[in-house]
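The values are calculated or read from the model by the stated rules, or taken from the named source; none is laboratory data. Nothing here was measured: the structure is a model prediction, and the numbers come from that model. Every residue, glycine as well, gets a Cβ built from its backbone with ideal geometry; the counts of neighbours run over all protein chains shown.
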Amino acid sequence: MTSLYIGITNDLARRVSEHKQGLIEGFTKKYSCHRLVYYEHHTDVNEAIAREKQLKRWRREKKERLIKAVNPGWRDLSEEWLK
């Protein structure tokens, strides 16, 4: 089973690249989380933090439904812009 990582950043492309290169110690490196399968854009940092906390409280099944609604194949959404 794959692990799901939820986090926030002010620069998604940079952050995904850092994770893919293994530059970030912690959960994503330990569990090899290297595919971006879902993301949301928020202009307000407090709103983003609140949403992150909300998603982290969800059961895995609910998170999977959210991902499948926009990305049924679980493809890496960052492939196009990280070449």
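Cβ-Cβ under 8 Å, sequence separation 6+ or interchain: first residue in segment 31-49 and more than 17 Å from PRO72 (Cα to Cα), partner surrounded by 12 or more Cβ atoms within 10 Å (Cβ to Cβ) and polar (S, T, N, Q). Which pairs?
Here the result reads HIS34/THR28, each pair linking segment 31-49 to a residue that is surrounded by 12 or more Cβ atoms within 10 Å (Cβ to Cβ) and polar (S, T, N, Q).
Of all the residues that make up segment 1-35, how many are of a type in the set (S, T, N, Q), touching a Phe, Trp or Tyr at 6+ places or on another chain (Cβ under 9 Å) and surrounded by fewer than 14 Cβ atoms within 10 Å (Cβ to Cβ)?
Of segment 1-35, the ones of a type in the set (S, T, N, Q) are 2-3, 9-10, 17, 21, 28, 32.
Adding the requirement that they be touching a Phe, Trp or Tyr at 6+ places or on another chain (Cβ under 9 Å) leaves 2-3, 28.
Add one more test, that the residue is surrounded by fewer than 14 Cβ atoms within 10 Å (Cβ to Cβ), and what stays is 2-3.
Counting residues in segment 1-35 that are of a type in the set (S, T, N, Q), touching a Phe, Trp or Tyr at 6+ places or on another chain (Cβ under 9 Å) and surrounded by fewer than 14 Cβ atoms within 10 Å (Cβ to Cβ) gives 2.
What are the pairs, 6+ residues apart or on separate chains, where a residue within segment 1-14 that is closer than 13 Å to TYR39 by Cβ has its Cβ under 9 Å from a residue that is surrounded by 14 or more Cβ atoms within 10 Å (Cβ to Cβ) and polar (S, T, N, Q)?
TYR5/THR28; GLY7/THR28; LEU12/SER78; ALA13/SER78
Among the residues of segment 36-61, count how many are under 19 Å from ILE8 (Cβ atoms) and either surrounded by 10 or more Cβ atoms within 10 Å (Cβ to Cβ) or small (Gly, Ala, Ser) (or both).
Within segment 36-61, the first condition is being under 19 Å from ILE8 (Cβ atoms), and the residues that meet it are 36-58.
Then drop every residue that is not either surrounded by 10 or more Cβ atoms within 10 Å (Cβ to Cβ) or small (Gly, Ala, Ser) (or both), which leaves 36-40, 42, 45, 47-56, 58.
The total comes to 18.
Looking at segment 1-50, which of its residues are touching a helix residue (DSSP H, G or I) at 6+ places or on another chain (Cβ under 9 Å), of a type in the set (Val, Ile, Thr) and modelled with pLDDT of 85 or more?
Correct list: ILE6, ILE8, THR9, VAL37.
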